[in-house]
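Below: one structure, written as structure tokens.
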């Protein structure tokens, strides 16, 4: 597991991870010092004569120039408190370094995962469930660092501290060290074998139940109208409650198992101290009481360490599934479309040359051997029965899919991954369901622009014939239009899509069934707006997919796909 976790950590973070290991070692030493500082107080408390009989205490007494037992005790107490205070301040500083590393890694992994998912393209996104991808980006990445990496660091630090405590006990009393081994190692082994598989199974099952819950909620809100009219909410609620019941049951089990570390360690301490007490009764050794006290002081830190180790191991087992999720996501090669302001402008024609495309999970090509030409300034209509690949052709023209064979040429330049971003900068796209973000109208039209050019924005609004609607809003272009444009009509949504393309200043404008869901009157208005747009800018190339002949009337020619 450690190797898989290490491989999942990005190389840029591995040097910092090594420094984190150093801070963990230093914290272990400092925590040991904190425990060791209790020993002089214990010795003085149990035996006043220990100041004279213990060489170290006697030497400190003489070197510091103390003149009475009382002042020496006060001095020792003050020194112990000061050392422990400084020790804890240093421990906090070291822990902050570890904390910053953990959550910087979370930020990186979450951002990287988001980018990688998006960078895998439209084909990947369509094959996945959006609720699952969202959970991986927002939740699973956090569980990986907080539920796996952080507990691993805790275990390493506590094991180092236990090792130092054991060495100290071994040096002072081999019998006490042996007793610690005999009592606590079997307890840890018993805990390990009792819960190891159960915790892993609980983690996997809970993750799946949480995914189901997220998917149901997202689907319910997205399909509110259909669910409400169809009376399906009770069914959705039933599915949600079933998943919720599964989550609650699993959480109860994990909560119960979370109490086991405390029970196991406290039982171990009771056994160890009882054994020492029994030995002290039958032993004639004079320092048995001091040994008992030292073991008790060690146990003050030993018990939390044992509990932290067991609890951290439980957390790792519970969240182990996140390792596979993060490894799968981060090990895939990133295929980001690099940002660029350059444009692959259309000067003469787009040529589709013997183009074929098949989806990965399909044995039948969606498009096979298609060849066509679109000249600059043309208005081209594309029609055909459902399923012949019209939308797939657009996705290929947009650079969202890669051809299985054949090629697309823009003025003789083949469209590929190297120039895809530049070509997309020259394309406007209006789909049947125009994407509307939960932002202002201006931000939706100028999508992707950090600094909105108001002159360009107003020109695009006028050309898209949406000025009247915007002027009717109290806040104008600064009005928010709700999640997924819930406050917009179908025609208004399409006009915003057109305005977005025009703001971009595209060379070629693609309409994919843009009016198919509109009524006849609204469709006619949109078609008239496109016609006026084409007439006012004869350099603009327009390609339209439509079923209705009325939506293709203004086209110069029509291509039928079969």
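The values are calculated or read from the model by the stated rules, or taken from the named source; none is laboratory data. Keep in mind it's a predicted model, so treat the numbers as computed, not measured. Don't worry about glycine lacking a Cβ; one is built from the backbone with ideal geometry, like all the others, and counts go over all protein chains shown.
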Subject >> Matching residues, segment 63-95, being surrounded by 12 or more Cβ atoms within 10 Å (Cβ to Cβ) and part of a loop (DSSP other than H, G, I, E, B) >> reply: 64, 66
Original post:
For segment 337-393, which strands (runs of 3 or more DSSP E) that fit wholly inside it have 3 or more residues that are out of contact with any helix residue (DSSP H, G or I) (no Cβ under 7 Å at 6 or more places or on another chain), at positive phi and outside the structural domain of residue 116 (by TED's automatic domain parsing)?
Top reply: none
Original post:
Do we have any residue at all in segment 474-485 that's closer than 27 Å to residue 546 by Cβ and loosely packed, with under 14 Cβ neighbours inside 10 Å?
Top reply: no
**OP:** Might you let me know whether segment 126-145 holds any residue that is over 24 Å from residue 218 (Cβ atoms) and at pLDDT 80 or above?
**Re:** yes
Original post:
For segment 384-395, does any single residue satisfy the condition of being touching a residue at least 12 places away in the same chain (Cβ under 8 Å), within 33 Å of the chain's Cα centre (by Cα) and under 22 Å from residue 505 (Cα atoms)?
Top reply: yes
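Conditions tested, residue by residue: (1) touching a strand residue (DSSP E or B) at 6+ places or on another chain (Cβ under 9 Å); (2) outside any loop (DSSP other than H, G, I, E, B); (3) within 24 Å of residue 372 (Cβ to Cβ); (4) at pLDDT 85 or above.
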residue	(1), (2), (3), (4)
396	yes, yes, yes, yes
401	yes, no, yes, yes
418	no, no, yes, yes
422	no, yes, yes, yes
432	yes, no, yes, no
435	no, no, no, no
449	no, no, no, no
Subject >> Residue list for segment 506-515, filter: touching a helix residue (DSSP H, G or I) at 6+ places or on another chain (Cβ under 8 Å) and either more than 23 Å from residue 425 (Cα to Cα) or modelled with pLDDT of 80 or more (or both) >> reply: 509, 510, 511, 512, 515
